[in-house]
Amino acid sequence: MGNANGMGNANANGNGNGNGNANANGNGNGNGNDNANAGGAAAGGAASDFGTCDPTMSFEGGRGNRPATEFTFQSNDAVIAANQQEALNPNIITNRICDELGNICGASDAAIALCEDAQAQILALGTRDQTTADAWNSLVGGGAARAMRRGMRA
């Protein structure tokens, strides 16, 4: 199931950025560290209990009366999004998602810990584009698995 922390490589970019499997244990799957192991990260996130909420986020242009060319981040969960305006800075949204998992979603402690770990990794990436949202969604288990679990079509 990925590296020793059970979360795959914990990034969508494999291990080329130095944030992946920095421990001496490798990724534990015998495949080495040269495979952009988003599948392991998704499996770790999908197994977590996020309660009633979807922890994923989107990156879209034109929200909140902004020009179509100005892209912002926002939670994909309507309940979380209701408490937070879209933001240019993804860390504002990841912070809100992690806070609300414990405050209103009824998420498990393990899911909150996974969210906080993903939050730190997004902060370390320092990006503010679609790759940021993709990395976050991979780290927390991806949107498709969550949508199907909640009985919706992806």
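The values are calculated or read from the model by the stated rules, or taken from the named source; none is laboratory data. As the structure is a prediction and not an experimental result, all values here were calculated from the model. Cβ placement follows ideal geometry from the backbone for every residue including glycine, while neighbour counts extend to all protein chains displayed.
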Under 7 Å by Cβ, and 6 or more places apart or on different chains, what pairs join a residue from the stretch 96-108 that is free of Cβ contacts under 8 Å to residues at least 60 places away in the same chain with one that is part of a helix (DSSP H, G or I) and of a type in the set (Ser, Thr, Tyr)? none
Looking at (1) assigned to a helix (DSSP H, G or I); (2) surrounded by 18 or more Cβ atoms within 10 Å (Cβ to Cβ); (3) of a type in the set (Gly, Ala, Ser); (4) in contact with a helix residue (DSSP H, G or I) (Cβ under 7 Å, 6 or more places away or on another chain), which is the only condition Ala81 fails? (4)
Check the stretch 60-73 and report whether any residue there is closer than 16 Å to Asn137 by Cβ and surrounded by fewer than 21 Cβ atoms within 10 Å (Cβ to Cβ). yes
Only unsatisfied item for Ala87, checking (1) within 11 Å of Trp136 (Cα to Cα); (2) crowded, with 17+ Cβ neighbours inside 10 Å, is (1)
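In the stretch 46-78, which residue that is part of a loop (DSSP other than H, G, I, E, B) and of a type in the set (Gly, Ala, Ser) is nearest to Asp117 (Cα to Cα)?
If we filter the stretch 46-78 for residues that are part of a loop (DSSP other than H, G, I, E, B), which is where we start, we get 47-56, 62, 66-70, 76-77.
Checking the rest, the ones that are also of a type in the set (Gly, Ala, Ser) come to 47-48, 51, 62, 68.
Working: Ala47: 15, Ser48: 13, Gly51: 18, Gly62: 30, Ala68: 32 Å.
Here the residue is Ser48.
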Count - residues of the stretch 84-104 that are in contact with an Asp or Glu (Cβ under 9 Å, 6 or more places away or on another chain) and in a loop (DSSP other than H, G, I, E, B): 3
Might you let me know whether the stretch 126-141 holds any residue that is part of a helix (DSSP H, G or I) and at pLDDT below 95? no
